[in-house]
1. Only residues in region 68-87 that are among the charged types (D, E, K, R) count as the first member; pair them with residues that are part of a strand (DSSP E or B) and at pLDDT 80 or above, Cβ under 6 angstrom, at least 6 apart or cross-chain, and list the lot.
2. Among the numbered criteria (1) modelled with pLDDT of 85 or more; (2) of a type in the set (A, V, I, L, M); (3) not in a helix (DSSP H, G or I), which one does LEU124 miss?
3. Take region 35-67 and flag every residue that is more than 15 Å from THR100 (Cβ to Cβ) and touching a helix residue (DSSP H, G or I) at 6+ places or on another chain (Cβ under 9 Å).
4. When the residues of region 1-60 are filtered to those that are surrounded by 11 or more Cβ atoms within 10 Å (Cβ to Cβ) and among the basic types (Lys, Arg), which remaining residue is nearest to ALA84 (Cα to Cα)?
5. Filter region 1-41 down to residues that are among the acidic types (Asp, Glu) and over 17 Å from the mean Cα position of the chain (by Cα), then give me how many there are.
6. For region 78-88, what are the residues that are at pLDDT below 80 and on the phi < 0 side of the Ramachandran plot?
7. Can you name every residue in region 72-94 that is surrounded by 15 or more Cβ atoms within 10 Å (Cβ to Cβ) and closer than 23 Å to LEU10 by Cα?
8. Kindly indicate the residue of region 89-112 that is under 13 Å from the mean Cα position of the chain (by Cα) and not hydrophobic (A, V, I, L, M, F, W, C) and also modelled with the highest pLDDT among those meeting that condition.
Amino acid sequence: MYASYTIKNLFGMIPDPLRPYWHGPKNSTIAQSIVDINKIYHSLFHMFGICEALFTLPIIDPEGEHEGIYSGRYSIYKGSGFVALGRNLVALDALLLYLTDPSIRTIADLNRAPIDLAGDELGLAIESDFFEDAKVKVANWLSPG
């Protein structure tokens with residue numbers, strides 16, 4: 001189980017029942033496919049991103065009671081009670097990645113390529129002091145335990 005943020009989640013909106021095609025050989029085109037579907041939806045709709053873990057939050061845990069296909073063992077934390085909402089999906093996802101605990105950042109980094117590519121191709125800038133301000137305001141709400 002790993003964090004899947006707003007830009008990546010739009011991949012599920014590709015209107016093709018065989019989405020593995022859009023991953024490309026060895027996932028070689030998935031980041032570009034994610035950005036392309038974002039371009040389409042951003043051109044048609046006023047987009048808002050929401051990432052929530054109101055009731056449960058999966059956290060990578062080598063001793064966790066669950067086993068994930070891609071990320072190994074994980075635990076489910078109940079009552080995490082967080083919601084993040086934003087109009088700039090690149091900034092929202094970059095912030096979520098930044099706030100993710102370093103102990104699970106390698107798994108969360110699966111989101112980094114589409115975030116970086118989307119920032120370039122969608123032209124959504126992030127202010128330089130954005131991350132530090134956010135860290136002060138929200139502390140460690142994406143940290144295990």
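The values are calculated or read from the model by the stated rules, or taken from the named source; none is laboratory data. Everything quoted here is computed from the prediction, not taken from an experiment. Every residue, glycine as well, gets a Cβ built from its backbone with ideal geometry; the counts of neighbours run over all protein chains shown.
1. Partner pairs satisfying both residue conditions: ARG73/GLU67; LYS78/THR56.
2. Among (1) modelled with pLDDT of 85 or more; (2) of a type in the set (A, V, I, L, M); (3) not in a helix (DSSP H, G or I), the lone unmet condition for LEU124 is (1).
3. Selection gives VAL35, ASP36, ILE37, ASN38, LYS39, ILE40, TYR41, HIS42, MET47, PHE48, GLY49, ILE50.
4. Per the criteria, the residue is LYS8.
5. Going through region 1-41, the residues among the acidic types (Asp, Glu) turn out to be 16, 36.
Cutting the leftovers down to over 17 Å from the mean Cα position of the chain (by Cα) gives us 16.
Number satisfying all stated conditions: 1.
6. Correct list: SER80, PHE82.
7. Those that are surrounded by 15 or more Cβ atoms within 10 Å (Cβ to Cβ) and closer than 23 Å to LEU10 by Cα: ALA84, GLY86, ASN88, LEU89, VAL90, ALA91, LEU92, ASP93, ALA94.
8. Looking at the filtered set, the residue picked out is ASP93.
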